[in-house]
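Every read-out reported here was derived from the displayed coordinates using simple, explicitly stated rules and does not represent laboratory data. Here the structure is a predicted model, which is why all the values come from computation and not from measurement. Reconstructed Cβ throughout: ideal geometry from the backbone, glycine too, with neighbour counts over all protein chains shown.
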């Protein structure tokens, strides 16, 4: 399958954002996901992680956080 250069850039930004997210660098991760959305406005995973970053910016996870997001509402 051939992937466009825009999609390659989105994937790269998403992966960078995910690495930052997992190391609790939520502001920087949000910026990467936002940049991905500028290229692909309908990128669902980037939208989801922006929401999670915003949540963790306001309420940081515990020191022993393993990168897993726990839903608090149904």
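Structural remarks
- Structural descriptor for the range 18-58: relative contact order 42 percent, calculated from alpha carbon pairs under 8 angstrom and at least 6 residues apart.
- Ordering 4, 55 from the fewest to the most neighbouring beta carbons within 10 Å gives 4, 55.
- Fewest neighbouring Cβ atoms within 10 Å first, the residues 56, 33 line up as 56, 33.
- Taking 0.36 nm per residue of separation and subtracting the Cα-Cα distance, full extension of the segment from residue 54 to residue 11 would add 13.4 nm.
- Placing pseudo-labels 7 Å out from each Cα toward the beta carbon at residue 47 and residue 22 gives an inter-label distance of 2.5 nm.
- Look at 23, 72, 34 and count the other Cβ atoms within 10 Å of each Cβ; fewest to most, that gives 72, 23, 34.
- Whole-Å distance, taken between Cα centres, linking the range 52-74 and the range 1-45: 19
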